Amino acid sequence: MADTNKGEYYYGMGRRKTAVARVRLYPNGEGNVTVNGKSAQSYFGQREALMATINSPLRTLELNDTYDMTIKVLGGGVSGQAGAIRHALARALVRVNPDWKPALRRAGFLTRDPRMKERKKPGLKRARKAPQYTKR
């Protein structure tokens, strides 16, 4: 990875569940993706679906290997982190070129997914699961 940490970059922040991702997009790259100091392949392991989730905004705009990315992500699990990275990447791409916004919006990449884990209620075992009812 030759000096991707120097020069101009585009920034985007995204969230999903409790995961927060910050993406730096470096133009004129070779498609290198670094997540928390590791390559994306080693960070997400053999889960190709997560890699597909991360790269979907680039695939939608047909920009597969034109940008290098450095990503800092924290919180949540790997699936939520992948969704947060997708959201952040889409926001960074809109900063690169505002004309891409309608295509990314249509694909649903710019909408923050509001679904969160529901809180546990008092008197219940989980958010909705009640203790078993006994008649006698």
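The values are calculated or read from the model by the stated rules, or taken from the named source; none is laboratory data. Here the structure is a predicted model, which is why all the values come from computation and not from measurement. Positions of Cβ are backbone-derived with ideal geometry, glycine not excepted, and every protein chain shown enters the neighbour counts.
When the criteria are applied in full, R22 fails the requirement of being under 10 Å from the mean Cα position of the chain (by Cα), modelled with pLDDT of 95 or more and either among the hydroxyl-bearing types (S, T, Y) or assigned to a helix (DSSP H, G or I) (or both). Scanning region 109-118 for residues that are more than 11 Å from T60 (Cα to Cα) and not aliphatic (A, V, I, L, M) yields T111, R112, D113, P114, R115, K117, E118.
Please enumerate the residues belonging to region 28-65 that are of a type in the set (S, T, N, Q), more than 21 Å from P102 (Cα to Cα) and surrounded by 12 or more Cβ atoms within 10 Å (Cβ to Cβ).
Pass one, region 28-65, residues of a type in the set (S, T, N, Q): 28, 32, 34, 36, 39, 41-42, 46, 53, 55-56, 60, 64.
Among the residues that remain, those that are also more than 21 Å from P102 (Cα to Cα) are: 28, 32, 34, 36, 39, 41-42, 46.
Result: N32, T34, N36, S39, Q41.
A127 falls short on exactly one of the conditions (1) more than 24 Å from G7 (Cβ to Cβ); (2) among the hydrophobic types (A, V, I, L, M, F, W, C); (3) surrounded by 13 or more Cβ atoms within 10 Å (Cβ to Cβ), and that condition is (3). Looking at the structure I just gave you, is T70 surrounded by 19 or more Cβ atoms within 10 Å (Cβ to Cβ), within 19 Å of E8 (Cα to Cα) and polar (S, T, N, Q)? Yes.
Within region 41-136, which helices (runs of 4 or more DSSP H) (wholly inside it) include 2 or more residues that are over 17 Å from A21 (Cα atoms) and either in contact (Cβ under 8 Å) with a residue 40 or more places away in the chain or touching a helix residue (DSSP H, G or I) at 6+ places or on another chain (Cβ under 9 Å) (or both)?
Working: elements: 48-60, 78-96, 101-107.
Ranges flagged: 48-60, 101-107.
Just so you know, in region 52-77 the residues that are of a type in the set (A, V, I, L, M) and under 17 Å from R24 (Cα atoms) include one that is nearest to the chain's Cα centre (by Cα), and it is I54.
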